[in-house]
Structures are given as structure tokens and as C-alpha cells.
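Novice: First, the structure itself, so that you have it in front of you.
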Amino acid sequence: MAVSALVGAGLYNVLTVVNPNQMAMRETLFNVTSDRLMGPGWYFQIPFVQYTHVYNMNTQRFDFSAGSNRWMLPISSSTSDQNILQADVTLNYKVLPDEQKLIYHRWDMHNWPWQGYFGKPDGYYQLTGLLNDSANAVLGRRRMGETLSNPKKFAEDLYQDFTQRLQMNNVPVEVESLEVKGFNTSFIPSRTKSYNAVGTRVPSTTPLSPQ
């Protein structure tokens, strides 16, 4: 069994398979050696010297509760009147075949095997970090009641803020749609009450384009 594991590890490091609807980028000793993106095919590499990053080109999506503290218990306030509020959002996006942006974000956008096991798409942790920052920025501009009474305005502002952050950070992602499904105050009592305000789907009308 140990021999089989070693053989499997060796093959994993020697051969990378890029499937249809995927693209790849080769890296050698932390330097990108390819001046172009690699399409579907089988690619051999030097074990532990070269590494091939593989990215999905199809539409990817994830659900996320944005706002407040991202990784710990949501006990920090997010609205201007010091209430705890999170927005339940769904993001649909594509990874752009932009070589320069992917070179810079090749590890951030990489999908590690354990991410796939837990159903996390390409760039999940980078995108949720930016999305959480956008949600906090937009939620912090208004009182809780203002946000909940006009979910469409919140969704539009969230989309604008998030796409601007993608552009400013040169993230190789095109947003296809950003949907605000509702709001929640978590399990921490708020100064008012728990809400479940349903927002509206805000499609991308100005997709990001490679620079």
C-alpha cells in the first residue's frame, strides 16, 4: 500500500490533466514559465520543481453570508446604528483567461484538492474576503431599517462596490450575477428584531473585461 501511495504521488507530480472547459498555467520554482495559457491536454512536469495551476472556465457559483466578522462568530456590528446584520448572497462568476491577472493571482485563484472535496470553487477564499469587505462597507453606510426597507438598493450598491474591488485588485473574474437572497441577524439578538427580507436578483450589466 505504501508503494502504491508513492507511485500515485509521483504520477500526480509528473502529470497534470487539463480537462475541457479548463485552462492551466505552468510554474517553475515560483516563476511562471509559460507566456500563454494552456488548453485541454496532458502535461508532463518535473516533480517538486514545476507545478501546473488548473482553473475552470465554466460558470461557478457559491452561497455566502456576507457582513460582520467573517471567520469568527458574527458578534461585531455591521450597520451604522451598531446592529449585527448579514446578507445572504449568491455569486455567479467566471475566471477570466487573462494571463497577467492570473500570474499575479495564480495561487489565490487556485482550487486545491481539499477545496473541491468541500465543494468550494476557484478563488473561493479570495472572493469571499472581498465580498465580505464590500458587504461591510455598504451595510455600514446605513441604519439597519434603511437597508431592510430597500433591499434592491443594497444589492445594487453591493454589486458596484464588489466589482470595483475586483478591478482595483486586478482579480481575473467576471461577475455574471450577484443575488441578494435575504438578511439575517444570526443567533445574536439585535437591537430591533430578526429579519428575513428577500432581495432581488441583480444581473451584471457591465461585465468586467480583461485589461
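All of the numbers you see were taken from the coordinates with simple rules; none came from a lab. What you see is a predicted model, and the numbers here were worked out from it, not measured in a lab. Glycine also receives a Cβ, built like all others from the backbone with ideal geometry; neighbour counts cover every protein chain displayed.
Novice: Give me the net charge for the shell around Val49: Cβ to Cβ below 12 angstrom, other residues only, Lys and Arg +1, Asp and Glu -1.
Specialist: Every neighbour counted, the sum reads 0.
Novice: Next up: First select every other residue whose beta carbon is under 9 angstrom from the beta carbon of Leu91; then total the charges, Lys and Arg +1, Asp and Glu -1.
Specialist: Summing Lys/Arg as +1 and Asp/Glu as -1 gives -2.
Novice: When Val17, Val171 are ordered from fewest to most other Cβ atoms inside 10 Å of their Cβ, what list results?
Specialist: Sorted ascending by nearby Cβ count, the order is Val17, Val171.
Novice: Order by neighbour count: Glu156, Glu146, fewest other Cβ atoms within 10 Å first, most last.
Specialist: In increasing order of surrounding Cβ atoms, one gets Glu146, Glu156.
Novice: How fast does the range 108-181 diffuse by Stokes-Einstein, in µm²/s, taking the Kirkwood radius from C-alpha pairs at 20 °C and 1.002 mPa s?
Specialist: Diffusion coefficient, whole number: 159 µm²/s.
Novice: Where does the charge balance sit around Arg106 when Lys and Arg score +1, Asp and Glu -1, over other residues with C-beta under 12 Å from its C-beta?
Specialist: -3
Novice: Another question, then. Taking other Cβ within 10 Å of each residue's Cβ, how do Met38, Met168, Met144 sort, fewest first?
Specialist: The most exposed by this proxy come first: Met168, Met38, Met144.
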